[in-house]
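Worksheet: one structure, shown below.
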Amino acid sequence: MQSLRFWFHTFILASQYNPPRFIELLMLIIAIASIAVSILLPKDKAYMVLGLSLVFGSAISILVREAIIPSHENRATQITALLLLITSLYGFADILQH
């Protein structure tokens, strides 16, 4: 119970400290879970589309946030967001092709 309380307070603190980054983190966690489900259920493409949509939205959000309020890790964050964006667009192209 103590460890659950610790994690709950950590999430609350993270959401209060930097809400946009927290939302982007949640989007990426849900995207990972959705893509994992789509790997387990390969016939159902809806989970893959949901996961790729969340990755795309999170990458765009990161790029917009970094353009408005640059952080001290500006270049690394932008490169990571661009890689996420390219990966999600490649995934969408692969789904549309099949």
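In percent, how large is the relative contact order of segment 1-74, given Cα pairs closer than 8 Å and 6 or more residues apart?
27
Listing E66, E73, E24 from the residue with the fewest other Cβ atoms within 10 Å to the one with the most, what is the order?
E73, E66, E24
Throughout, read-outs are computed from the coordinates displayed, never taken from laboratory work. What you are looking at is a predicted structure, and each value in this text was computed from that prediction instead of being measured. Cβ sites come from the backbone with ideal geometry, for glycine too, and all protein chains shown count toward neighbours.
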